[in-house]
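Here is the structure we will look at.
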Amino acid sequence: MKIAIASDHAAFALKGELARWLAEQGHEVADLGPDSEASVDYPDYGYKLAAHVAAGKAERGVALCGSGIGISIAVNRNPAVRCALVSEPLSAKLSREHNDANIIAMGARLTGSDMAKACLEAFLATPFGGDRHIRRVEKLSNPPFSREEA
């Protein structure tokens, strides 16, 4: 599977570890940065990751920052992606099965390496359940209001 991964400086080390682990599992990994622990802004990398997945350059994405919150908000600004912030495998599984999430977000300061790998395993192994979930997922990308009405 083609998987893109991006982080901010707080999650730089975890990003590297997960990218290597994913490659060892046989996945093609696109590391979208950053290239060091120098301070960066998580929205820049969240937007970059979302655009990469939305363009079909990767089937799934991994978004990381200190808490996972900021980068998940940035990623979800793109209506072509569904990013789920998770901290344990059941949420990762359900994000795929019920929500057809194509990007998973985690917090490097909150989720250890082993737990992050367990979340990724569940996320990557779970297919979308389809059926009753389809209409709900379609509504996520096509909300019944515009920004002007909000």
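Observations on the structure shown:
- When we screen LYS15, LYS48 for residues that are under 19 Å from GLU121 (Cα atoms), assigned to a helix (DSSP H, G or I) and out of contact with any helix residue (DSSP H, G or I) (no Cβ under 8 Å at 6 or more places or on another chain), the only hit is LYS15.
- Residues in segment 108-143 that are acidic (Asp, Glu) and under 19 Å from ALA23 (Cβ atoms) were compared, and the one that is surrounded by the fewest Cβ atoms within 10 Å (Cβ to Cβ) is ASP114.
- Failed item in (1) closer than 30 Å to ASP131 by Cβ; (2) crowded, with 19+ Cβ neighbours inside 10 Å; (3) touching a strand residue (DSSP E or B) at 6+ places or on another chain (Cβ under 6 Å); (4) not aromatic (Phe, Trp, Tyr), with ARG82 passing the rest: (3)
- Meets criteria (part of a helix (DSSP H, G or I) and modelled with pLDDT of 95 or more) for LEU64: no
- Scanning segment 10-26 for residues that are buried (at least 19 other Cβ atoms within 10 Å of the Cβ) and either over 17 Å from SER67 (Cα atoms) or among the small types (Gly, Ala, Ser) (or both) gives ALA10, ALA11, ALA19, LEU22.
- Qualifying residue in segment 56-67 (condition: hydrophobic (A, V, I, L, M, F, W, C) and surrounded by fewer than 19 Cβ atoms within 10 Å (Cβ to Cβ)): no
- Selection status of SER7, closer than 22 Å to GLU138 by Cβ, buried (at least 21 other Cβ atoms within 10 Å of the Cβ) and touching a Lys or Arg at 6+ places or on another chain (Cβ under 9 Å): no
- Residues in segment 116-140 that are farther than 15 Å from ALA13 by Cα, modelled with pLDDT of 95 or more and either of a type in the set (Lys, Arg) or assigned to a helix (DSSP H, G or I) (or both): ALA118, CYS119, LEU120, GLU121, ALA122, PHE123, LEU124, ALA125.
- Test: residue in segment 28-41 that is among the hydrophobic types (A, V, I, L, M, F, W, C) and either in a helix (DSSP H, G or I) or touching a Ser or Thr at 6+ places or on another chain (Cβ under 7 Å) (or both): no
The values are calculated or read from the model by the stated rules, or taken from the named source; none is laboratory data. Quick caveat: nothing in here was measured; it's all calculated off a predicted structure. Positions of Cβ are generated from backbone atoms using ideal geometry, with glycine treated the same way; all protein chains shown enter the neighbour counts.
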